[in-house]
1. Identify, from the list ASP208, ASP202, ASP214, the residue that is acidic (Asp, Glu), part of a loop (DSSP other than H, G, I, E, B) and modelled with pLDDT of 85 or more.
2. Evaluate the following for PRO117: is it assigned to a strand (DSSP E or B), closer than 22 Å to MET175 by Cα, touching a Gly at 6+ places or on another chain (Cβ under 9 Å) and touching a residue at least 24 places away in the same chain (Cβ under 8 Å)?
3. For segment 70-110, enumerate the residues that are without any contact (Cβ under 8 Å) to a residue 40 or more places away in the chain and either outside the structural domain of LYS193 (by TED's automatic domain parsing) or under 22 Å from ARG188 (Cβ atoms) (or both).
4. Inside segment 130-145, can you point out the residues that are in contact with a strand residue (DSSP E or B) (Cβ under 6 Å, 6 or more places away or on another chain) and either farther than 12 Å from MET175 by Cβ or in a loop (DSSP other than H, G, I, E, B) (or both)?
5. Can you run down the residue pairs with Cβ atoms below 8 Å, 6 or more apart or on separate chains, where the first is in segment 161-181 and without any contact (Cβ under 8 Å) to a residue 40 or more places away in the chain and the partner is of a type in the set (Ser, Thr, Tyr)?
6. Considering only segment 47-69, state which residues are surrounded by fewer than 16 Cβ atoms within 10 Å (Cβ to Cβ), of a type outside the set (S, T, N, Q) and either free of Cβ contacts under 8 Å to residues at least 40 places away in the same chain or outside any strand (DSSP E or B) (or both).
7. For GLU166, indicate whether it is acidic (Asp, Glu) and closer than 15 Å to ILE203 by Cβ.
Amino acid sequence: MSNHPFVKKVWSGILAMTVLLPTLTPALSPLPTAFGEAAETSGVVKVEDFEQVSLADLTFDSARIHSGSLALETNPKYVHSGAKSLRIDYDFIGITDNPSQVAVGPAAQLPLTNRTPKRIGMWVYANQEGHGLTSKFYVSSTGKSKTYEIRSEETGIDWSGWKYVEAEIGSDLTMPGTLAFYFQMKERQMNKKNKGSIWIDDIRLIYDEPSNEDMDVPVLTPAAPAPDQILSAPVSDLITLFCQQRMLSQALIRIPSG
């Protein structure tokens, strides 16, 4: 080995890393091999993000509707993260029997063991449809279903665009159990029975409270002008300000979600 000072420093660094590397804790822990394991590092388990599935991997259930179908969506406007989401098309119009409903879940019910999750959460792209949302589980020992409310039929879907929503899972869901339908949409009121599409993405089970997590969609609030402020600038300046704010809004919309 050369006695040059620089070479000595390089070799010293390599030897130090050789000693330290086996003792370093990896920053990322492997995903659990089964849902409901007690060892989830983050306490949050991904159920489905629609990136690696085909429609054959999903089940679609409907009752008292004209028509309904599923499609894997690739239009970035309707994808919360990654390259795909799931689009649910439905037609409730004119159906007098109740409730009209559509439901989506894994083709084979997802087994849950050991721990009961606290909540189920997902991102939903909607347009103020007003329909109720639920998730459906089963208790393996009794075969009884347990349905938990994401949005009541009285309140219904009351937002436009993407929104993160959750359902609290009750202690009556004893383990072992299964997740049958992570998304059910229902409607009983004739004046709210419509035809449309809705998108879902990034479905997850929450076992322990995640920390430092922001699930709100960014809201653009211009610093100027203030609400109801009267501008006295030249028209050319106003046009420039409008164009700048519009470009900023479009840039924010295109920022990929985390």
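1. Within the list ASP208, ASP202, ASP214, the selection yields ASP208.
2. Values: assigned to a strand (DSSP E or B): no; closer than 22 Å to MET175 by Cα: yes; touching a Gly at 6+ places or on another chain (Cβ under 9 Å): yes; touching a residue at least 24 places away in the same chain (Cβ under 8 Å): yes.
So PRO117 fails the test.
3. ASP97
4. Matches in segment 130-145: HIS131, GLY132, LEU133, THR134, SER135, LYS136, SER140, SER145.
5. Here the result reads GLY170/TYR148, each pair linking segment 161-181 to a residue that is of a type in the set (Ser, Thr, Tyr).
6. GLU51, VAL53, LEU55, ALA56, ASP57, ALA63, HIS66
7. Values: acidic (Asp, Glu): yes; closer than 15 Å to ILE203 by Cβ: yes.
Answer is yes for this residue.
This table checks each residue for (1) surrounded by 14 or more Cβ atoms within 10 Å (Cβ to Cβ); (2) within 19 Å of the chain's Cα centre (by Cα).
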| residue | (1), (2) |
| --- | --- |
| PRO111 | yes, no |
| THR116 | yes, no |
| ILE120 | yes, yes |
| VAL124 | yes, yes |
| GLU129 | yes, yes |
| GLY132 | yes, yes |
| TYR138 | yes, no |
| GLY143 | no, no |
| LYS146 | yes, no |
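The values are calculated or read from the model by the stated rules, or taken from the named source; none is laboratory data. As the structure is a computational prediction, the values presented were derived from the model and not from experiment. We place every Cβ from the backbone using ideal geometry, glycine too, and count neighbours over all the protein chains shown.
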